[in-house]
Every structure is written in C-alpha cells, then in structure tokens.
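**Q** Below is a structure I'd like to ask you about.
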Amino acid sequence: MKIKIFKENRLYSIKDIFKDYTLEEQDKILKSLMELKLIKKLSKNSDLELEDLLDIDKIKLDKGDILYKFIYVGMISIEDNSFIIYPKYLKDETIEKERINNYIKLKEILKVIRKYNKSKEQEQFFSSDYDSSTFNLITLVLELLEDYYQNGLYFNEERIIELNGEGEILWNKTINENIAYFNASKKPIYLDFYTSNSQINEEDFFRRLHSYILTDSCKKVETLLNILDIEVVNISTQDLEDFGDTDYILYRLNLEENRQFITRKKKVLEMLKVYILKKENSNKDNNISFVGVNAFNLVWEEVCSIVLNNSLNKNLKELSLSSDDNRTLLEIIDKPKWRDRLSRIEFEKDTLKPDIVVVSNPLNKELEIYDAKYYNIDFTDKGLKGQPGIADIIKQYVYELAYFKKGFNIIKNSFLMPIDSETESDLYLCEVDLEIFHILFENDYKLKPIEIILKPCSYMYQKYLKK
C-alpha cells in the first residue's frame, strides 16, 4: 500500500499529490476525493484566500497548473492507496517524524476525532439507502472491532436440560418423570432430578457470521489497522458461501434483528447486514473509506469546551450564582428587541452566543470568557498573520459587556488557539486592544486587552479523551 502524508489547507500541485502514480490512477483517485469533498481545486488566478496567497510562492508551478488543498483531517484509503492528512497547526518537522514515531500524533488525533464524531452522531459507515454506493469500510471496521473487544462475539444462548446437572432444578419434570422414594415421615425423596442450564451456542449462525465478517473486513484494511496499532482479528476460516447466498443471509439477519430487544445486538446485526450488502454490491470505482472530519475547527472548539468545563448552558442555580434563577448563562444575555413601527408590538430574537464561559469563583460572580479559534497565528517583529478578524474582537468585548451589565466580574477574556507542543503550559502569545471601547465605557467599566493564548494540543487531547 502506498502511504502519502499531507497537511490540511496547504496548497499542493497535482505533481506533489500524485508523484509515482499513473495518469489513470491519478484521475480515478482525484475523482473520488473531489466527489466526497475531501479535496478542493483552486485556480492560481482565482478562489485563493489570503492564507493561500501567502503560501503560493513556495510552490513550483508550471504554466496552467491547478492547485489543490485537502479540506479534511484524518486518513483516507482508496484501494491500495492511503492518504494521511494532518491538521494545519502541526509543525512540518513533527509531521516528518511521524513514520519513524509510529504515527503517534495521527493515532491521538483520530481518537479525538472519533470521540467528537460520536458525540455529534456524525460517524457513519453507510448511507441511509443501502443501495447507495456511499460506504465507509474503515469506519465500519473500527466500529466492529471496538464492539468486539468490549463485548466479544455475538451470541445466543441455548437451554440445556440435564439429569443431576448444576443448574436450576426443574421440579415439574423431576416429579413427573422420576421415581419418588418416601422416608419415615412419608415425605418424597428424589435421588435423581432434572436441571436446566444455559450455555452459549458456539455453532450459532450469527456468531459464526460475526466471526467471519470480523476476519474478512480486517484483512481488507490491515495496513491501516497496523498504522493505528489496532490488533487485527483472525478467528474464522470460513467463506461467505458457507452461510448461503446473499438473500438468505439477509433474510436470517432481518429475522434475528426483529426478534432482538438488546440495543447492542441490534447494532451488531445492522453492521453485519451493511457489510454483506456492500460485499454483494462491491464497486471498485468507488472503493474508498475514510476516518476523520472536514471541519477540524469544530473539533478544537469541542475539545476546549469540554476540557475547560464550559458552563454556558448551565443554569445560575446549578452554578451557585443564584438561589432561585433557573436561566442559563446564555439565556441571561439581553436579546435584540424588534418593534413594529405602527403597532409597537415587540419580538425578541436570538442574541449573542459566546463559545465558552467558565465560572471561576461563584461567590464573587467571577467569569472567564473564551473563544476557541482554530487559527495558525504568527506574531513576529516583522508582522502578524493568521489572527482573528475585527468582528471576532468586537464580539469578545460585547460578550464581556453583556455579562458586566448582569453584575458579573470578568477576570479573563481570551482567544484560545492550538499549538504543537508537548508541554502542559499555555503560551501567552500576545494581546489585542480596541480603543473605541475604552472611549465608550471608560467611566463605567475598565476593559482589558483580549489575550491570545496558545493551548498545547497533546495535553488538551489527553484531558478531553479522559472526560
């Protein structure tokens, strides 16, 4: 398998991406990536954002070349080709060491992404239409393996009736079918009795099918599982034909699913059914699977929110900020009032929504306000790039003023950005100030500059994964 490594949002020429590929392979892979919106095509003379323009001079381009950038973080597999795309904040030297470091960063990032996807119910391995060509093998395999290592193989129990066994005594059967002896008090005594016991049926159809699909699916993505340090399952020597034709297998799976009431078992049966359907309708032109996310900025926001214990949607009573107010920290922010000019009827609509609000001291009503920004900020004596825009700065100040009006003390107001660092310590990079707010409110409230804090990602991820 060919393994190629890229960086999210970096500009690449077609030659950078498909070096050592035939033209036929290039067209086929590029078509798949474009259809699933995992890569974006850019013209050198249009569609370029400021960040692109800053990087374009670093690329060697021939006349007429088209530029591409991956708008995805994670791992993509297309037949015997694997593309690994790292998030944009990682240093180039960190990415270059990934192969020799056994892809340690990739594994950590994918764990975070998968937890995020599960929390948002976004991780899917098939479309709602089973006849659709949309199918994500690697995600299905990861789901199957996660369930298998936690719960084992699918099982159905069978009832075993034994003579003088160790299970529950079947008194009716014992009385009706065995000889009774009577003691001196004329009470019946049974020297033999029937017992009932349950045991897992190792030859159960669905248990064997589960075993086969685990083994067969692992073989198909073995290289990717090895990269992720996930143990490959090899527990079956059977072929699909041993279970009957596809229609029969699906018929049995549907019957079993209809009679099951255990959620975990129903989910396993559903995954087995999807795999059988995909195997039957296999289309090599669309043999692509992937695990990752298109919008890593949302992952970063979620990580910061969980790790910092965001209290935005918690009510004041629960946060010990009030004895009887059940409104949340979000709900107490004033809403815009829309008023009809003639009737004077008023309507309130949605208002400001901070990213993260943390209660640091309920007794003193102290709050910390954060905005998680997935930016690559670069602040040097030569200039600044990758910084939040003016609208972001204005919103942060307005959030602070909104809570100040409600009687809160704002002790911190910051932008949080990722940094590739193995330490646990934050880096206070710089601060931003907007003088107009001081002019407007200097007599009522002293606004401080907004801090730009770089959060070490590995430390944040470890905390997030433990939550």
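The values are calculated or read from the model by the stated rules, or taken from the named source; none is laboratory data. In this text the structure is predicted, and so the values were computed from the model without any measurement. No Cβ is skipped: glycine too gets one built from the backbone with ideal geometry, and neighbour counts run over all protein chains shown. Keep in mind that these areas ignore ligands, DNA and RNA; they rest on the heavy atoms of the full protein, side chains included. Shrake-Rupley method; radii C 1.70, N 1.55, O 1.52, S 1.80 Å.
**Q** Does segment 213-225 contain at least one residue that is crowded, with 17+ Cβ neighbours inside 10 Å, modelled with pLDDT of 80 or more and hydroxyl-bearing (Ser, Thr, Tyr)?
**A** yes
Results for (1) within 23 Å of the chain's Cα centre (by Cα); (2) without any contact (Cβ under 8 Å) to a residue 40 or more places away in the chain; (3) surrounded by 11 or more Cβ atoms within 10 Å (Cβ to Cβ), shown as yes or no for each residue.
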| site | (1), (2), (3) |
| --- | --- |
| VAL307 | yes, no, yes |
| ASN310 | yes, no, yes |
| ASP325 | no, yes, yes |
| ILE333 | no, no, yes |
| ARG344 | no, yes, no |
| ASP350 | no, yes, no |
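**Q** Yes or no: segment 419-428 includes at least one residue that is of a type in the set (S, T, N, Q), assigned to a loop (DSSP other than H, G, I, E, B) and within 28 Å of PRO336 (Cβ to Cβ).
**A** No, segment 419-428 has no match at all.
**Q** Another question, then. Report, by residue number, each residue of segment 394-429 that is open to solvent by less than 20 Å² (accessible area, probe 1.4 Å), within 17 Å of GLU451 (Cα to Cα) and not aromatic (Phe, Trp, Tyr).
**A** Result: GLN396, GLU400, ILE410, ASN413, SER414, LEU416, MET417, PRO418.
**Q** If I filter segment 103-130 down to residues being in a loop (DSSP other than H, G, I, E, B) and either surrounded by 18 or more Cβ atoms within 10 Å (Cβ to Cβ) or at pLDDT 90 or above (or both), which single residue comes out as farthest from the chain's Cα centre (by Cα)?
**A** Only one residue tops the list, namely TYR103.
This table checks each residue for (1) over 25 Å from the mean Cα position of the chain (by Cα); (2) modelled with pLDDT of 90 or more.
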| site | (1), (2) |
| --- | --- |
| ILE356 | no, yes |
| GLU368 | yes, yes |
| GLY383 | yes, no |
| PRO388 | yes, no |
| ILE393 | yes, yes |
| GLU422 | no, no |
| PHE437 | yes, no |
| TYR464 | no, yes |
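**Q** Filtering segment 147-180 down to residues that are of a type in the set (Ser, Thr, Tyr) and open to solvent by less than 30 Å² (accessible area, probe 1.4 Å), which residue is modelled with the highest pLDDT? Working first, answer last.
**A** First, the residues of segment 147-180 that are of a type in the set (Ser, Thr, Tyr): 148-149, 154, 174.
So of that shortlist, the ones also open to solvent by less than 30 Å² (accessible area, probe 1.4 Å) come out as 154, 174.
Values: TYR154: 93, THR174: 75.
Only one residue fits best here, namely TYR154.
**Q** Among the candidates LYS467, LYS385, LYS412, LYS455, which residue alone is touching a residue at least 12 places away in the same chain (Cβ under 8 Å) and either more than 27 Å from ILE109 (Cα to Cα) or touching a Cys at 6+ places or on another chain (Cβ under 6 Å) (or both)?
**A** Among LYS467, LYS385, LYS412, LYS455, only LYS412 is touching a residue at least 12 places away in the same chain (Cβ under 8 Å) and either more than 27 Å from ILE109 (Cα to Cα) or touching a Cys at 6+ places or on another chain (Cβ under 6 Å) (or both).
**Q** Just one of the numbered conditions (1) under 22 Å from LEU447 (Cβ atoms); (2) open to solvent by less than 70 Å² (accessible area, probe 1.4 Å); (3) not polar (S, T, N, Q); (4) not in a helix (DSSP H, G or I) is not true of PHE379; which one?
**A** PHE379 satisfies every listed condition except (2).
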